[in-house]
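One structure is given here, and the rest of the page talks about it.
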Amino acid sequence: ACHFLQTRQDWWQGWVTPNTNCQEGRGLFVNDRGDYECQWCPRATASLEGTEPESGATTRYCVECALGHYQDNTQSTECLKCAAGRYTDTNASQVCTDCRQGTYQPNEGSSMCIECPVGRSTRVRGATMLQDCVCEEGTYEPLTSVCESSGDDCGCTVCMEGLDCKIGSRLETWLQKVQEGLEIDEDEHPIPQVQRGYYSLPSQPESIFRCAEEEACPGGDPGTCSGGRLFLTCSRCPSRSFLTQDGHCKECEGWELELALVCAVFATICLTLGHVAVNWPTSLSSQWTMTSVFLAGMGVTTCLTFNIYADLDFEAIEPLIDLFQFVKIMAFDVEVLRAACLTGSDRQVVKYSTKLCVVPASFLALSLGALLLSAIPKCRTRAGCTCAALQNSMGMLFTIFFISVSLMSLEAFRCDSHPNGKTSLTSDLSVLCWESPDHGQLVLLSVLAILAYPLPFLTCTAVMTYNYSSWTRRFGSSFVLRSRFLFNRMGPENTAFAFWHNVRNFAMTLVPVVATNEYSLQVNLLMAIFLVWLLVQMHANPWRFVVLNRFDAFTSAIQILMLNNFATLSFNDRGSVDKTLDRRGGGERRPQQSASPSCGGQLLIQSVRPFHRGFFDNIRFGFVFDKQQLDIISSYLPRISLDAVANALELLYKILAWRFSPEESEPLVLTEFNRIRQRAEAESSKKVSVSRSPSVVGP
């Protein structure tokens, strides 16, 4: 049989498949012996026909999948195209990769993805259409009609401060929900959301206003207020209701008139007693009595200065908030008496008109008190129910409360800006400055108040100061009694300082108006006014008694130090304590950029020496934490003392300072490291002496 097969090879050899003739799913390979043989094709390849290199016969090879193709199975005869939204940018791929976020691919078999237009991105990976490219996070799609009417591709609009815009937010969808009441699947069709502390109207949801109180505006849908509040920026209550201390609107309780009458009687008594005190004969008054009266007036004026600080463009923090609320009582704040319940209206025009009536009402109460006191026989001689005495008392009252009167008169000109570029009245953010009819009426009232109160008072005191010597000789005691409020506090050679003291107070009240929305300029102007006054006052010593000069110098120095602290309040979580930092740049919220190392190094190094010791000592003793914060620290760091926390933070602080400015911080850091090393060596030595173990050889 073997001989038969060997002699007839040409006859049977065609029946046997050679080793180099590979079938489908296989490919020609060179084995370890250097011979050709067929093997199953692996993944990422396909069995394709080709020519045998020696005989030229047809066979198959395992060919790597090309760009844009893949094969995840073995023994395959073809490579598959990547589906739309996927790609491969290498040969021999087993799988395709989804197009990353921000790209798309509409075609099959692609080796790359197409970038979305500038400012747009995709919500998910594997996008297949240009329409999948939507506005990035922090921006929104404007109205289609607006873009079509302008003839331009509007692109995406940056969300202004106070808006949270998810990726894919569209203004048209937002308006459909807000104005038409349609149910919107926000997971499928994202819409912008108003942040807490901000407000927008349903008719213009993309136009953002800043609220005076963060708690009043919970955010979310446009037009949302908390505590029953209404109107723009949730700053007012419904009619016949008032705002409580916790920020909720409450219906009037019916005894507001009685409260107002009690306050009026109390104010009349206080004014009458003050009238008697300021008109008490000088010959019967001791130096201590006169000093006490003058100090009381200067103290009230100093407290009223905080009403100016309350109008500066910064977000007040505790305890300043409570302090500002307290001094508002001395600034003729009619809200204390629930003016909305008394007048039946919560309009700012009505409240402002009521406030302007406080000054003439005070003069009337003063005159009435003096008249009633003169009706008592034993008090008739000290009642001071004369024109000269009443003029002196009114002048003293005006001098003490001149800051409050000036602030009240300028109220219509103090406006706060919003992220949308509009401005609102500082005392009532629901009134748009220079736009709403109410503001026009308020400006008219404010102009009349300026012409009726501060300007006439300054003019009268200026004329009296200029003619002091001649009028004293001409009119004698009559003029002296009428002008005691102005000149009695000053030394004989410095009577003009009484007028300039009033000018200083009026100039301070102008600062929030002339430097609106410029916090740093406001602080610098106030510091300059106090500094100039302090230098002049210390040089001239104009006050009548030494105690008054020292008290004035002390209060001026305290005010300068306080303003210096205010100057450091230029940042906070909400955007900034300096509110003007968020208002610049057209109100748009720009992406935050990380600080450069040089800037960070400068910040750290400027404070590494004077700052870290006192600050970290305060951490050690728990002065910077309240009880709730201490509980949180204890829950996260059980059995860890505040001293250990302070040590760790202090070391980290120094390392960061060294990182950014080694030439200045290296001595501090090396000293710290040496101290730690010495402590570790000492502890190690103790362990060696106790255990006497030769295995302990170092710290």
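Each reported figure results from applying straightforward, stated rules to the coordinates on display, with no laboratory input. Every value quoted in this text rests on a predicted model; they were computed, and no experiment measured them. Here the Cβ positions follow ideal geometry from the backbone for every residue, glycine too, while neighbour counts run over all protein chains shown.
Miscellaneous remarks
- Sites Ala540 and Ser469, calculated FRET efficiency, Cβ-Cβ separation with R0 25 Å, nearest 0.05: 0.85
- Long pairs among Lys328/Lys378; Lys81/Lys166; Lys351/Lys422; Lys250/Lys328; Lys351/Lys378, criterion Cα-Cα beyond 32 Å: Lys328/Lys378; Lys81/Lys166; Lys351/Lys378
- Under the combined filter of DSSP loop state and at most 10 neighbouring Cβ atoms within 10 Å, segment 24-121 retains these GluC sites (Glu not before Pro): Glu54.
- 9 Å beta-carbon shell around Ile167, net charge (K/R +1, D/E -1): 0
- Neighbour net charge for Tyr352 - beta-carbon separation under 10 angstrom, K R +1, D E -1: 0
- Additional length obtainable on full extension of the chain from Glu335 to Glu37, 0.36 nm per residue less Cα span: 97.4 nm
- Förster radius 45 Å - calculated FRET efficiency between Val645 and Phe266, Cβ distance, rounded to 0.05: 0.30
- Using the Cβ-Cβ distance between Leu67 and Leu130 with R0 set to 25 Å, the FRET efficiency works out to roughly 0.65.
- Electrostatic tally near Ala388: other residues with Cβ closer than 11 Å to its Cβ, Lys and Arg +1, Asp and Glu -1, net +2.
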